[in-house]
Amino acid sequence: MDTADLPFLTVTELQRRLRARELTPREVVDTLAARIEAVDPAIHAYLSTDLDQARRDADAADVSLPLGGVPIAIKDVISVAGQPCGCASHILDGYVAPYDATCIARLRAAGAIPFGRLNMDEFAMGSSTENSSKGATLNPWDTTRVPGGSSGGSAASVAARTAFASLGTDTGGSIRQPAALCGVVGLKPSYGRISRYGLVAFASSLDQVGPFTKTVEDAARLLGVMSGLDPHDSTTLDAPVPDYAALLTGDIKGLKLGLPKEYFISGIDPQVEAAVRAAVDHYTKLGAEIVEVSLPHTEYAVAVYYIVATAEASANLARFDGVRYGHRARDTSGLLDFYGKTRAEGFGPEVKRRIILGTYVLSSGYHDAYYLQAQKVRTLIRKDFEDAFQTVDALICPTSPVPAFKLGEHTQNPLAMYLQDIFTIAANLAGVCGVSLPCGFAQVDGKDLPIGLQLLGPSFDEARLLQIAHAYEQTTDWHTRRPS
Amino acid sequence: MSAPDLDVRYIARLARLELSDEEVARYQSQLSNVLTFVEALRKVDVSGVEPTAHASPVFNVFRQDVAQASFTPKEALANAPRQANDLFVVTKVVE
């Protein structure tokens, strides 16, 4: 059969054709393999693939299952049994995951085929994927620009149509920001919605797993499969998992959307602001009511984040000591030298920077001034969201203040890079859910660069969040455009 | 939270991270900028505000204290940098 258009299908359409026996799971994997071989060398979204295993999985696939026969690519921070899980770090070179993360086990049980490892900023620390120890991923819309990060490979693979869908993680915007910069849908579920068992921890009070897809409906399908209580992650909530896809009615009449005034600040790119304002007008036409709201502690979110996240990271990354797995330095003398050299050789510059910052803010004499203070301001940020969601169903704002920036543009200035996450970080601190979806293009240097619209919803109200996103998507065509 | 008096070499030792002189100088400068930026938090009135450790409404999750299936020694050692006799080989700790 003709498989020329196959890489461009949504998961939903792919499944329809699989179930109608218009194509086989084996043909899907073979076509995807050819696509990756042809396209990925110019993008470098993939660190590795296991296509032989994927073909075996495809031959055994049951296409009647919720994601039967659908190949899904995985950020290099989520464990897939028998596949590398290196977090794009030298310290985990050669490490092979001995078990499946819960989200992977659930994808498999739903018939999906996890087959490839996607590039990322080392240990998910970054906003451009330039911090990967395996080389940067490039933006499929303009290969002189970054795909965003830290889940840059996850976003770029879906944008380049070398993956039907992918998984990423979002600690301060690492799903939503790259989704925006690459023009795809990226969903950060509420804290506690999807188990993190088998995810290599960065900042445990913030990390969430979520899908990258071409459409909101596909995101809803993946979310439904992966969500729910897991005894292996005690932060997961025993809340019902709705059939998210079935709730996408397209009708949002009477829903209230909040326009947070703190998210429309000077410094935001004029083309980004214009596209987001046009999306707000579009929602008015769809029957939503737009209300201006205030999240007064927004300006502190980045500062709180870089204390809380680095503190947690410094503790979580203490496990990389060269003893049980990963890189081990040679020719060391004594235990401290062994640890110091192993970690010096294994970690890259941004990871070291954050470990030092996190160790400092937790150290004796500074803990209360930095860490405890940040945790208290975090409470105020959470309360901002709780107050806002008393009056509105969701918040609407930009995902990123700018379209994709140039490779190397911010690598010498960590603080400038940290500010890329200014609109995404607060949602992680508050634990709420958020999604980025395409809402236009900026013309920069003769190239079209995608712009992301961010919607934020109350904790565990993904159903309504996706309903609102879907209504926009189905009455616009931004999501149908793809890089040439 | 006075002006940041960050001693990068001391902190790196706490974090078991060996740094070159060049790295110490670079991180000193870059992290001083970051710490100056986070100084803004000092302005916020947090009197009577409880700290947030995480955003989940779940606390004290218990399970039955019964043994469950786990890795075999072979699986547990599969990624070991060095091993012998079903054990991880480590550097000498006591001189």
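Residue-wise test of (1) away from chain B (no Cβ under 14 Å); (2) on the phi < 0 side of the Ramachandran plot; (3) modelled with pLDDT of 95 or more.
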position: A:Ala220; (1), (2), (3): yes, yes, yes
position: A:Leu223; (1), (2), (3): yes, yes, yes
position: A:Met226; (1), (2), (3): yes, yes, yes
position: A:Ser234; (1), (2), (3): no, yes, no
position: A:Asp238; (1), (2), (3): no, yes, no
position: A:Pro242; (1), (2), (3): yes, yes, yes
position: A:Ala246; (1), (2), (3): yes, yes, yes
position: A:Gly254; (1), (2), (3): yes, no, yes
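Is it fair to say B:Val44 is open to solvent by 60 Å² or more (accessible area, probe 1.4 Å), among the aliphatic types (A, V, I, L, M), over 22 Å from the mean Cα position of the chain (by Cα) and facing chain A (nearest Cβ under 9 Å)? Break it down into steps so the answer makes sense when it comes.
Details: open to solvent by 60 Å² or more (accessible area, probe 1.4 Å): no; among the aliphatic types (A, V, I, L, M): yes; over 22 Å from the mean Cα position of the chain (by Cα): yes; facing chain A (nearest Cβ under 9 Å): yes.
Considered against the rule, which asks whether it is open to solvent by 60 Å² or more (accessible area, probe 1.4 Å), among the aliphatic types (A, V, I, L, M), over 22 Å from the mean Cα position of the chain (by Cα) and facing chain A (nearest Cβ under 9 Å), B:Val44 comes out as no.
Check whether at least one residue in the range A:312-330 is on the phi > 0 side of the Ramachandran plot and out of contact with any Ser or Thr (no Cβ under 7 Å at 6 or more places or on another chain), and report yes or no. Reasoning before the result, please.
Residues of the range A:312-330 on the phi > 0 side of the Ramachandran plot: A:322, A:326.
Then drop every residue that is not out of contact with any Ser or Thr (no Cβ under 7 Å at 6 or more places or on another chain), which leaves A:326.
Within the range A:312-330, one or more residues are on the phi > 0 side of the Ramachandran plot and out of contact with any Ser or Thr (no Cβ under 7 Å at 6 or more places or on another chain).
Take the residues of the range A:36-45 that are open to solvent by less than 60 Å² (accessible area, probe 1.4 Å) and not acidic (Asp, Glu): which is nearest to the chain's Cα centre (by Cα)? Reasoning before the result, please.
Applying the first criterion (open to solvent by less than 60 Å² (accessible area, probe 1.4 Å)) to the range A:36-45 yields A:36, A:39-40, A:42-45.
Imposing the further condition that a residue be not acidic (Asp, Glu) reduces the set to A:36, A:39, A:42-45.
On the way: A:Ile36: 21, A:Val39: 22, A:Ala42: 22, A:Ile43: 18, A:His44: 17, A:Ala45: 14 Å.
Restricting to residues being open to solvent by less than 60 Å² (accessible area, probe 1.4 Å) and not acidic (Asp, Glu), the top hit is A:Ala45.
Take the residues in the range A:311-325 that are more than 7 Å from chain B (Cβ to nearest Cβ) and touching a residue at least 60 places away in the same chain (Cβ under 8 Å); name whichever of them is surrounded by the fewest Cβ atoms within 10 Å (Cβ to Cβ).
A:Asn316
Among residues belonging to the range A:123-142 that are open to solvent by less than 10 Å² (accessible area, probe 1.4 Å) and over 18 Å from A:Val158 (Cα atoms), point out the one that is nearest to the chain's Cα centre (by Cα).
The residue in question is A:Ala124.
Select from the range A:349-363 the residues that are part of a helix (DSSP H, G or I) and facing chain B (nearest Cβ under 7 Å) and list them in ascending order.
Answer for the range A:349-363, where residues must be part of a helix (DSSP H, G or I) and facing chain B (nearest Cβ under 7 Å): A:Lys352, A:Arg353, A:Ile355, A:Ile356, A:Leu357, A:Thr359, A:Tyr360.
Given the structure, is A:Leu107 touching a residue at least 24 places away in the same chain (Cβ under 8 Å), over 14 Å from the mean Cα position of the chain (by Cα) and assigned to a loop (DSSP other than H, G, I, E, B)?
On the way: touching a residue at least 24 places away in the same chain (Cβ under 8 Å): yes; over 14 Å from the mean Cα position of the chain (by Cα): yes; assigned to a loop (DSSP other than H, G, I, E, B): no.
No, not satisfied.
Given the criteria over 30 Å from B:Lys43 (Cα atoms), at pLDDT 95 or above and touching a Lys or Arg at 6+ places or on another chain (Cβ under 9 Å), does A:Ala288 qualify? Break it down stepwise before answering.
Working: over 30 Å from B:Lys43 (Cα atoms): yes; at pLDDT 95 or above: yes; touching a Lys or Arg at 6+ places or on another chain (Cβ under 9 Å): yes.
Here the answer is yes, as A:Ala288 does meet what is asked.
Identify all residues within the range A:219-273 that are out of contact with any helix residue (DSSP H, G or I) (no Cβ under 9 Å at 6 or more places or on another chain) and within 13 Å of A:Gln467 (Cβ to Cβ); write none if there are none.
Scanning the range A:219-273 gives A:Lys253, A:Gly254.
What's the total number of residues in the range A:308-323 that are in a helix (DSSP H, G or I) and in contact with a Gly (Cβ under 8 Å, 6 or more places away or on another chain)?
Looking only at the range A:308-323, we keep the residues that are in a helix (DSSP H, G or I), and these are A:308-319.
Next, only the ones that are in contact with a Gly (Cβ under 8 Å, 6 or more places away or on another chain) stay: A:309-315.
Number satisfying all stated conditions: 7.
Select from the range A:441-475 the residues that are of a type outside the set (D, E, K, R), more than 20 Å from the chain's Cα centre (by Cα) and not in a helix (DSSP H, G or I) and list them in ascending order.
In the first step, residues of the range A:441-475 are kept if they are of a type outside the set (D, E, K, R); the result is A:441-444, A:446, A:449-460, A:463, A:465-472, A:474-475.
Adding the requirement that they be more than 20 Å from the chain's Cα centre (by Cα) leaves A:441-444, A:446, A:471-472, A:474-475.
Matches in the range A:441-475: A:Phe441, A:Ala442, A:Gln443, A:Val444, A:Gly446, A:Gln474, A:Thr475.
Looking only at residues that are touching a Lys or Arg at 6+ places or on another chain (Cβ under 9 Å) and open to solvent by 10 Å² or more (accessible area, probe 1.4 Å) in the range A:404-413, which one is modelled with the lowest pLDDT? Don't jump to the end; show me each part of the working.
Let us first name the residues in the range A:404-413 that are touching a Lys or Arg at 6+ places or on another chain (Cβ under 9 Å), namely A:404-407, A:409.
Applying the additional criterion that residues be open to solvent by 10 Å² or more (accessible area, probe 1.4 Å) yields A:406-407, A:409.
On the way: A:Lys406: 97, A:Leu407: 97, A:Glu409: 94.
Going through the qualifying residues, I end up with A:Glu409.
Just checking, does the range A:152-168 include any residue being assigned by TED's automatic domain parsing to the domain that holds A:Arg26, part of a loop (DSSP other than H, G, I, E, B) and without any contact (Cβ under 8 Å) to a residue 60 or more places away in the chain? Talk me through it step by step, then tell me what you get.
Filtering the range A:152-168 for residues assigned by TED's automatic domain parsing to the domain that holds A:Arg26 gives A:152-168.
Next cut, part of a loop (DSSP other than H, G, I, E, B) only: A:160-165.
Cutting the leftovers down to without any contact (Cβ under 8 Å) to a residue 60 or more places away in the chain gives us none.
So far as the range A:152-168 goes, no, none of its residues is assigned by TED's automatic domain parsing to the domain that holds A:Arg26, part of a loop (DSSP other than H, G, I, E, B) and without any contact (Cβ under 8 Å) to a residue 60 or more places away in the chain.
Take the residues in the range B:36-46 that are out of contact with any Phe, Trp or Tyr (no Cβ under 8 Å at 6 or more places or on another chain) and at pLDDT 95 or above; name whichever of them is nearest to A:Leu206 (Cα to Cα).
Checking each candidate, the answer is B:Val46.
Evaluate the following for B:Leu35: is it under 21 Å from the mean Cα position of the chain (by Cα), more than 7 Å from chain A (Cβ to nearest Cβ), of a type outside the set (S, T, N, Q) and surrounded by 13 or more Cβ atoms within 10 Å (Cβ to Cβ)? If you could, list the steps in order and put the result at the bottom.
Details: under 21 Å from the mean Cα position of the chain (by Cα): yes; more than 7 Å from chain A (Cβ to nearest Cβ): yes; of a type outside the set (S, T, N, Q): yes; surrounded by 13 or more Cβ atoms within 10 Å (Cβ to Cβ): yes.
So B:Leu35 fits the description; yes.
Are any residues in the range B:35-65 assigned to a loop (DSSP other than H, G, I, E, B) and of a type in the set (Lys, Arg), and if so, which ones? Can you show your working first?
Step one: list which residues in the range B:35-65 are assigned to a loop (DSSP other than H, G, I, E, B), which gives B:44-65.
Listed by number, the list holds a single entry, B:Arg63.
Within the range A:1-98, considering only helices (runs of 4 or more DSSP H) that don't extend past its boundaries, which have at least 3 residues that are within 22 Å of A:His479 (Cα to Cα) and in contact (Cβ under 8 Å) with a residue 12 or more places away in the chain? Walk me through it before giving the result.
Details: elements: A:11-19, A:25-39, A:51-59.
Correct list: A:11-19, A:25-39.
Listed here are the residues, each with its yes/no results for (1) within 14 Å of chain B (Cβ to nearest Cβ); (2) in contact with a Phe, Trp or Tyr (Cβ under 9 Å, 6 or more places away or on another chain); (3) surrounded by fewer than 24 Cβ atoms within 10 Å (Cβ to Cβ).
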| site | (1), (2), (3) |
| --- | --- |
| A:Arg19 | no, no, yes |
| A:Thr31 | no, no, yes |
| A:Leu47 | no, no, yes |
| A:Leu51 | no, yes, yes |
| A:Leu65 | no, no, yes |
| A:Gly68 | no, no, yes |
| A:Tyr95 | yes, yes, yes |
| A:Gly116 | no, yes, no |
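Which numbered condition in (1) in contact with a Phe, Trp or Tyr (Cβ under 8 Å, 6 or more places away or on another chain); (2) surrounded by fewer than 24 Cβ atoms within 10 Å (Cβ to Cβ) is the only one that A:Leu437 fails?
(2)
Just to be sure I understand, how many residues within the range B:52-95 are among the hydroxyl-bearing types (Ser, Thr, Tyr) and at the interface with chain A (Cβ under 9 Å from one of its Cβ atoms)?
Of the residues in the range B:52-95, 3 are among the hydroxyl-bearing types (Ser, Thr, Tyr) and at the interface with chain A (Cβ under 9 Å from one of its Cβ atoms).
If you take the residues of the range A:364-401 that are more than 9 Å from chain B (Cβ to nearest Cβ), out of contact with any Lys or Arg (no Cβ under 6 Å at 6 or more places or on another chain) and of a type in the set (Val, Ile, Thr), which of them is surrounded by the fewest Cβ atoms within 10 Å (Cβ to Cβ)?
The extreme case among them is A:Thr391.
The values are calculated or read from the model by the stated rules, or taken from the named source; none is laboratory data. In this text, all values refer to a predicted model and were calculated from it rather than measured experimentally. Every residue, glycine as well, gets a Cβ built from its backbone with ideal geometry; the counts of neighbours run over all protein chains shown. Side chains are part of the model used for accessible areas, which takes the heavy atoms of the whole protein and leaves out ligands, DNA and RNA. Shrake-Rupley method; radii C 1.70, N 1.55, O 1.52, S 1.80 Å.
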